[in-house]
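Let me begin by presenting the structure, written as C-alpha cells, before commenting on it.
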Number of protein chains: 2
Amino acid sequence: MGVTKTELFTDEQTRLADLAKAFAHPARVAILQMLAQKKACVCGDLVDELPLAQATVSQHLKELKRIGIIRGDIDPPRVCYCINEPVWNEARHAFGDLLDSLISTSCC
Amino acid sequence: MGVTKTELFTDEQTRLADLAKAFAHPARVAILQMLAQKKACVCGDLVDELPLAQATVSQHLKELKRIGIIRGDIDPPRVCYCINEPVWNEARHAFGDLLDSLISTSCC
DNA sequence: CTTATTTATCGTATTATTGCGATCAATTTT
DNA sequence: AAAATTGATCGCAATAATACGATAAATAAG
C-alpha cells in the first residue's frame, strides 16, 4: 500500500515515527552528524561531503526541514543549514523516553 | 529510485538508519511500546490492539525481527514476541550518542 | 482423523521514497 | 548588462514500503 493510516494512531506515535524518519536514511544520518558537529553548515559543503547529486541532497534537506529538525537560513546565494535545537531535543526526549522505558524482561 | 546507495556510507550510518526504521512507522512504534511495557511477552494480542489486518501486523513484526529489535519465540501454535534487549540497548546508545553530540550552536 | 486456532507467506494493488539530469530563480561577480 | 554561483524544483524512472485478502503451515483440541 503505502497508505499509512496515521489517523489510527496517537499523535505521539505518529510524531515519533516522523522524527525517526529523519534518521532512517544513511544520507540523512550523515547530514545530521555533520550539522550536529558543525562540520558543515552551507548546503554546498554538504553536497561535497556526500556521494550524492546536488538535487538529491537538496531533497533530503527538504525532508529534514519538513520534519523540523533542521533550519535553513538564507544567506544569498547560499543557504546555511543547522540543527533546529528545539526539535532536536524533542527527538532526544522522545527516543530517550521510549528507549528507557523498557521493563527488563526475560521473556517466555 | 529507491536505490539506496548503502555502500557509500559507513556501516555505522547504515546501521543507525536501519535501527531508525524500526521506529519510522506508527504501527511499529505502537508494537515496540507495547512490548517494552510488558513484562510478559505478547502473542496474538498485538493484532487485537492494532487497527490493522493480521497479515499487515505480521509483516511489521517480520521487519522488526529483521532489524533484530524483537525476538519471536515459538510456542505453538502461538508466537511470543518480546524486545531483544541487546539490540534495544544498541539503539538506545546509537541514538543517545548522536543526539547528545550536538555542539550547541546558533549557526550562521 | 477432523476441525479449530494461530501465525506466516503469497499475490497484488497502491503509495512513498530515492535518485538524478535539466532547468529555474536569486544573487553576486565581472 | 552578462556571466557565474548557489540552491530549489520539476519531471521522470525505479525500487521500497504499506496494506490486505486468500491461503498455507503447524499444532492443539475434539
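The values are calculated or read from the model by the stated rules, or taken from the named source; none is laboratory data. Here the structure is a predicted model, which is why all the values come from computation and not from measurement. When we count neighbours, we look across all protein chains shown, and the Cβ atoms used for this are built from the backbone with ideal geometry, even at glycine.
Residue count for the range A:49-71 satisfying the condition of being within 12 Å of another protein chain (Cβ to nearest Cβ) and away from DNA strand C (no atom under 14 Å from the Cβ): 2. When B:Asp100 is tested against (1) in contact (Cβ under 8 Å) with a residue 24 or more places away in the chain; (2) touching a helix residue (DSSP H, G or I) at 6+ places or on another chain (Cβ under 9 Å), only condition (1) is not met. Exactly one residue out of B:Ala24, B:Ala30, B:Ala40 is at the interface with another protein chain (Cβ under 9 Å from one of its Cβ atoms), in a loop (DSSP other than H, G, I, E, B) and at pLDDT 95 or above: that is B:Ala24. Considering (1) within 12 Å of DNA strand D (Cβ to nearest atom); (2) crowded, with 16+ Cβ neighbours inside 10 Å, the lone condition that B:Gln59 does not fulfil carries the number (2).
Can you tell me which residues in the range A:73-82 are within 14 Å of DNA strand C (Cβ to nearest atom) and within 11 Å of chain B (Cβ to nearest Cβ)?
So the first thing to find is which residues in the range A:73-82 are within 14 Å of DNA strand C (Cβ to nearest atom), and the list is A:73-80.
Scanning the range A:73-82 gives A:Asp73, A:Ile74, A:Asp75, A:Arg78, A:Val79, A:Cys80.
Hey, any hits in the range B:69-86 for a residue that's within 16 Å of DNA strand D (Cβ to nearest atom) and touching a residue at least 40 places away in the same chain (Cβ under 8 Å)? Write out each step before concluding.
Step one: filter the range B:69-86 for residues within 16 Å of DNA strand D (Cβ to nearest atom), giving B:69-70, B:72-80.
After this cut, where a residue has to be touching a residue at least 40 places away in the same chain (Cβ under 8 Å) as well, the list is B:69.
Within the range B:69-86, one or more residues are within 16 Å of DNA strand D (Cβ to nearest atom) and touching a residue at least 40 places away in the same chain (Cβ under 8 Å).
Which is more than 12 Å from DNA strand C (Cβ to nearest atom), touching a residue at least 40 places away in the same chain (Cβ under 8 Å), under 30 Å from A:Val57 (Cβ atoms) and out of contact with any strand residue (DSSP E or B) (no Cβ under 8 Å at 6 or more places or on another chain), of B:Arg92, B:Arg15?
Within the list B:Arg92, B:Arg15, the selection yields B:Arg15.
In the range A:85-108, the count of residues that are over 16 Å from the mean Cα position of the chain (by Cα), farther than 26 Å from B:Pro51 by Cβ and not small (Gly, Ala, Ser) is one or more.
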